[in-house]
């Protein structure tokens, strides 16, 4: 199957404003890209690209005074298969983990493992280690937090989401990550496209957040917000938490005037 993905963001800046953008499809999906997700700015601005410390494609621009429209419209091949489920996968002992996974055991800006460790062990210490433990964490977070855009707050941490019991997908993800790390399971934050393919339409489209846990020698997708296998995830970026992969980081005052995202199945394409 094919998925059309893209966005249109309109910012207003009172003066020239440097911006870092994390908006390109992740390099791991490069072979699936049919129509490239080139970033288009209006008015046109020079764009320079780089890879960050996590391997994500990022871009730099300087927005002019006034409004700037940043957009992209791409086409991606997809298997049409739902997220993988492997209930028998084991959890690694910390001493056996690959060195590049260890950073995903540590606390980070939005995932306070030190402050949630005792809670995590009291909730999940008796669950079978490995996939069943991560799924138990997702089940708990899914039931513990009430979703609502009115509960969004850019500074909300995993601990605050746990205490307030409300949030958006990034808050579900941060709490799931913090619990996994507290239980010695590497977990990394993911952001990307996730449309309504295979399910009833759920509301306005947005960029989505989920996490990956390292089990059985590989990274696997978990999504405590939806908590069911989904079709058509298109990864943009990975990091320790949302602080590593914001869609934009602006170095000056600005206002986001308009925000549109799409991830639509191309009708007539075979699935699977």
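The values are calculated or read from the model by the stated rules, or taken from the named source; none is laboratory data. Given the structure is predicted, the values throughout are model-derived calculations rather than measurements. When we count neighbours, we look across all protein chains shown, and the Cβ atoms used for this are built from the backbone with ideal geometry, even at glycine.
Quick look at the values:
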read-out	value
Subset of region 15-42 (residues that are part of a loop (DSSP other than H, G, I, E, B) and under 30 Å from residue 2 (Cα atoms))	22, 23, 24, 25, 26, 36, 37, 38, 39
Residue selected from region 200-227 under the condition in contact with a strand residue (DSSP E or B) (Cβ under 6 Å, 6 or more places away or on another chain) and assigned to a loop (DSSP other than H, G, I, E, B), by the criterion modelled with the highest pLDDT	223
Given (1) without any contact (Cβ under 8 Å) to a residue 12 or more places away in the chain; (2) within 19 Å of residue 262 (Cβ to Cβ), index of the condition residue 71 fails	(1)
Enumeration of residues in region 191-213 that are surrounded by 23 or more Cβ atoms within 10 Å (Cβ to Cβ) and closer than 20 Å to residue 91 by Cβ	210, 211, 213
Failed item in (1) free of Cβ contacts under 8 Å to residues at least 40 places away in the same chain; (2) over 23 Å from residue 263 (Cα atoms); (3) surrounded by 14 or more Cβ atoms within 10 Å (Cβ to Cβ), with residue 37 passing the rest	(2)
Selection within region 224-234 - buried (at least 21 other Cβ atoms within 10 Å of the Cβ) and either closer than 13 Å to residue 193 by Cα or not assigned by TED's automatic domain parsing to the domain that holds residue 138 (or both)	231, 232, 233, 234
Test: residue in region 262-270 that is buried (at least 18 other Cβ atoms within 10 Å of the Cβ) and either part of a strand (DSSP E or B) or assigned by TED's automatic domain parsing to the domain that holds residue 146 (or both)	yes
Test: residue in region 51-70 that is at positive phi, surrounded by 14 or more Cβ atoms within 10 Å (Cβ to Cβ) and touching a strand residue (DSSP E or B) at 6+ places or on another chain (Cβ under 7 Å)	no
